[in-house]
1. Which of 88, 40, 72 sits farthest toward the positive end of the charge dipole of segment 3-179, with +1 on the Cβ of Lys and Arg and -1 on the Cβ of Asp and Glu?
2. Relative contact order for segment 3-179 using alpha-carbon pairs under 8 Å, separation at least 6, rounded to a whole percent?
3. What dipole magnitude, in Debye to the nearest 20, does the chain give about its Cα centre under +1 on Lys/Arg Cβ and -1 on Asp/Glu Cβ?
4. Which one, 24, 4, 99, is farthest towards the positive end of the dipole of the chain when Lys and Arg carry +1 and Asp and Glu -1 on their Cβ?
5. If I model a spin label at residue 47 and residue 154 as a point 7 Å from the Cα along the Cα→Cβ vector, what separation in nanometres do I get?
6. Please list the radius of gyration and Dmax for segment 1-97, considering alpha-carbon atoms only, with Å as the unit.
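Quick note: the coordinates plus some simple rules give every number you see, no bench work behind them. None of the values given here were measured: they were computed from a predicted structure. Using ideal geometry, Cβ is built from the backbone for each residue, glycine included, and neighbour counts are taken over all protein chains shown.
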Amino acid sequence: MHQHERFFVITGGPGSGKSTLIKALVARGLHGMPEAGRAIIQDQVAIGGSALPWDDRLGFAELMLGWELRSHREARERAGPVFFDRGVPDVVGYLTLCSLAVPSHVQRAAGAFRYNRQVFIAPPWPEIFGQDAERKQSPDEAQATYEAMVGTYSEYGYELTHLPHTSVEERTRFILARIQ
């Protein structure tokens with residue numbers, strides 16, 4: 001078994017329950033890697049930086065790439081399954097969504113830093129969607145992000161497993177049943 005086969009990505013649009021699901025998996029004693037975007041936004045705001053999705057999208061994407069590469073490297077040190085709140089291909093999807101060219105090094109990273117072939121994707125869920133200081137996207141942008149991730153992960157050869165709109169506990173059981 002290749003090491004990356006125990007790396008599971010949970011992706012999708014903003015506000016679809018990904019981070020909450022990762023927290024529930026971690027609460028069960030599994031390993032989780034946090035989302036890059038929210039932390040990068042908080043850090044950039046704190047230091048007056050411009051690598052923000054509403055200011056410098058390419059700079060934001062580069063910081064996300066560095067975060068995802070580091071998360072992938074850190075996950076190698078952990079035993080058992082590791083759940084990622086987004087992965088390297090999300091950076092490609094983000095740039096595509098923003099109609100920006102995807103630099104060749106980002107494409108190479110998405111091809112080289114692999115995860116389990118089965119990727120869990122959270123479809124838009126208007127009933128739980130909310131905006132805050134870091135999540136400024138509209139429900140339409142959340143839908144577009146979801147579609148960009150479907151296209152990107154499919155393009156990189158991943159098989160998408162759509163998460164049901166159910167409780168966190170049921171979603172957790174859904175995932176655990178599929179990774180056994």
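1. So the residue we want is 72.
2. Numbers: 271 pairs, mean separation 62.2, N = 177.
Value for segment 3-179: 35 percent.
3. Details: 19 positive and 21 negative charges, 138 e Å.
Charge dipole, the chain, about its Cα centre: 660 debye, nearest 20.
4. 4
5. 3.8
6. Cα radius of gyration and Dmax of segment 1-97 are 13.8, 44 Å respectively.
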